[in-house]
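Every number here is computed from the coordinates shown, using simple stated rules; none is lab data. The shown structure was predicted, so the numbers you read here are calculated from the model rather than taken from an experiment. Note that each Cβ is placed from the backbone with ideal geometry, even for glycine, and that neighbours are counted across all protein chains shown.
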Amino acid sequence: MITSDTLRRFADVVGKKGVIPEGPDQEPYLHEWRDLWHGKTPMVLRPSTTGQVAAIMALASQTRTAIVPQSGNTGLVGGQIPDPDGSQLLLSLDRMTRVLEVDAKDFSITVEAGATLKSVQKAAAAEDRLFPLSLASEGSCRIGGNLASNAGGLNVLAYGNARDLCLGLEVVLPDGRVLNTLRKLRKDNTGYDLRNIFIGSEGTLGVITAAVLKLFSMPRRHDTAFIAVPSPQAAVELLSQFRQQANSALVAFEIIPELAIEFVTRHMAAARPLATPSHWYVLAEFADAAPNAMQSALERALERGLISDAAVAQTETQRLAFWSVREKLSDSQKFEGGSIKHDISVPISRIPAFISEAMAAVNTFMPGCRFMCFGHLGDGNLHFNVSQPPGMDKQHYLARWPEMSAIVQGIVVENGGSISAEHGIGQLKRNDMGKIKSPVELEVMRGLKNHFDPHGIMNPGKLLPA
């Protein structure tokens, strides 16, 4: 356990305003959205500068104190939660929220890691620029966590994930040294790409304290449609057609099942986008496409039998209503009991086969379960969520999570996919890494971990298998 003298030394680094001692005020930091993990810590440290983070890590290295970095605490795999034994300190970046610079000419923005995603979007928009990373949790998730987990979201199809949107980082290493690569360069061919070592590392190699992010031109017009399709195969063919016709103007392409619409309209006070139910739907968006491009694309798809109905947003209010339905999908499942969730990716061409195979296998394992399979079809990322059979005890159902996930993950691997597309590994999937990583890959990853963190103090028990 951490001695009282060591705790006092950590508290002295950040001052009274930067410490939350053990007690009820810590609660928002110690459990996560799904309530699968609940941690304990003798102290939450809330530094306000990179210098304070560096001093914390130098002291942690000296005293061999384990540190768990946390940004907005919106992660879904337990990567930001300390162990329940109280042996780790939680380091929150929620006081480091400054937007340091918006450079409209260089199409870049420099921010501290504790800035919320929404605040970065707003700062960019104030300069008529777009920061395209978009997540349901954007009002509370923070840039440091977005980068540490390599977040994805709605616009990956057009703009890429968090890794693709980052130009430079400032990272405090486990020994307290500061690695500064806060550069705006789009091209820098001078050796190892140190920035990308830390993006997606989930706080196991260092603490991201600031970042330079890419900005884009602000779209002047969106064409958004909610579309009924008969099957995932039709959705994949529709995606191919849209990409051929609209090219880079296609910025989002989401697949949604009828069950999701039922859940959202039943529990979230949302209106059904299309009057006639369909087995599957697509929510697609063009940005700055040619006039009538969406209408033309839909007419062609109707002729080919790929769609049966569609509604094109006529106003910004209607467009936002369509997206509101999409954003409420995960929350709507809470009202239907337990939900076993899988954040997976497969090659787009394999999505129909994966859905068919996984639904059949899981239904055999758990008859009566309900499939909430939705997500970013445009980049091959599905949230294969399975709601409990009606009337089943929630905890009994959730206890079958490992068995069900083993079935789903096996089918993912058979289809050339990944068991984590955008949520990360954390605690939830660390012992599944051997299913998708070769021994050589794991050896290299452990080598990096040992190089940067020889004492094992950075977010122990996360990402790498035991």
Whole-Hz ³J(HN,Hα) from phi, Karplus 6.51 cos²θ - 1.76 cosθ + 1.60, for segment 415-422, glycine and proline x:
9, x, x, 10, 7, 9, 9, 8
Tabulate in residue order the Karplus-calculated ³J(HN,Hα) for segment 249-257, using 6.51 cos²θ - 1.76 cosθ + 1.60 with θ = phi - 60°, rounded to whole Hz; enter x for Gly and Pro.
6, 6, 10, 8, 7, 10, 9, 9, x
Over all viewing directions the Cα convex hull of segment 319-415 casts an average projected area in nm² of 6.4 nm²
Using Cβ contacts closer than 10 Å as the measure, can you line up M366, M458 from fewest to most?
M366, M458
Neighbour-count ranking for T181, T315, T74 (other C-beta within 10 angstrom, fewest to most) reads T315, T181, T74
In this structure, among K16/K214; K17/K40; K394/K429; K105/K328; K187/K435; K435/K462, pairs with alpha-carbon gaps over 25 Å are K16/K214; K105/K328; K187/K435
Check: segment 91-155 dipole with +1 on Lys, Arg Cβ and -1 on Asp, Glu Cβ, in debye:
160 debye
Taking chymotrypsin sites (Phe, Trp or Tyr not before Pro) as exposed when DSSP calls them loop (any state but H, G, I, E, B) and at most 14 other Cβ atoms lie within 10 Å, what is the longest stretch of the chain free of them, the sites themselves excluded?
193-466
The exposure ranking of L377, L185, fewest beta-carbon neighbours within 10 Å first, is L185, L377
Relative contact order of segment 1-125: what whole-number percent is it, with Cα pairs under 8 angstrom and at least 6 residues apart?
24 percent
Under Stokes-Einstein, with the Kirkwood radius over Cα pairs standing in for Rh, what whole-number D in µm²/s applies to segment 405-444 at 37 °C and 0.692 mPa s?
307 µm²/s
Express the relative contact order of segment 340-445 as a whole percentage, based on alpha carbon pairs under 8 Å and six or more residues apart in sequence.
36 percent
Cα principal axis extents for segment 150-235, largest first, Å:
55, 29, 22
Nearest 10 degrees, 0 to 90: helix 50-63 Cα axis against the chain principal axis:
60 degrees
What number, in percent, do you get for the relative contact order of the chain if the mean sequence gap of Cα pairs under 8 Å and at least 6 apart is divided by its residue count?
15 percent
For the chain, the convex hull over Cα atoms projects on average to an area in nm² of 22.4 nm²
Pick out, in residue order, every one of the trypsin sites (Lys or Arg not before Pro) in segment 1-100 that is DSSP loop and has at most 13 other C-beta atoms within 10 Å; say none if there are none.
R64
Of N150, L238, C166, which is farthest towards the positive pole of segment 132-240's charge dipole, taken about the Cα centre with +1 and -1 on the beta-carbons of Lys, Arg and Asp, Glu respectively?
C166
Angle check, please: helix 293-303 long axis (alpha carbons) against the longest principal axis of the chain (alpha carbons), in degrees 0 to 90, nearest 10.
50 degrees
Once the Cα gyration tensor of segment 71-182 is found, what semi-axes does its equivalent ellipsoid get, as square roots of 5 times the eigenvalues, in whole Å, sorted largest first?
25, 17, 13
Are there trypsin sites (Lys or Arg not before Pro) in segment 281-381 that DSSP puts in a loop and that have at most 13 other Cβ atoms within 10 Å, and which ones?
R304
Give me a comma-separated list of calculated 3J(HN,Hα) values for segment 454-465, in order, Karplus coefficients 6.51, -1.76, 1.60 applied at θ = phi - 60°, integers in Hz, x for any Gly or Pro.
x, 8, x, 9, 8, 6, x, x, 10, 6, 7, x
Return the loop-located GluC sites (Glu not before Pro) in segment 120-195 (DSSP other than H, G, I, E, B) with at most 15 other Cβ atoms within 10 Å of their own Cβ; answer none if there are none.
E127
Out of I197, A225, A211 - ranked by how far each Cα lies towards the positive end of the dipole of segment 164-232, with unit charges on the beta-carbon of charged residues - the top one is A225
So what is log10(I(q)/I(0)) for segment 35-79 at q = 0.14, 0.15, 0.20, 0.21 1/Å, when the Debye sum runs over its Cα atoms only?
-0.42, -0.48, -0.80, -0.86
Which angle between 0 and 90 degrees, to the nearest 10, do you get for helix 316-327 versus the longest principal axis of the chain when only C-alpha atoms count?
70 degrees
Suppose every K and R has +1 on its Cβ and every D and E has -1 on its Cβ; what is the size of the dipole of segment 277-396 about the Cα centre, in Debye to the nearest 20?
280 debye
Here P(r) for segment 133-185, Cα-Cα distances in 10 Å bins, as whole percents, is 23, 46, 26, 5
Unit Cα scatterers, Debye sum, segment 1-113: log10 I(q)/I(0) for q = 0.14, 0.15, 0.16, 0.24 Å⁻¹
-0.59, -0.66, -0.73, -1.37
Using the Cα centre as the reference, give the magnitude of the dipole from point charges on the C-beta atoms of the chain (Lys, Arg: +1; Asp, Glu: -1; all else neutral), rounded to the nearest 20 debye.
640 debye
Report, by chain and number, residues whose modeled amide H sits under 5 Å from the one on L90, excluding near sequence neighbours (fewer than 5 apart, same chain).
M43, L45, V68
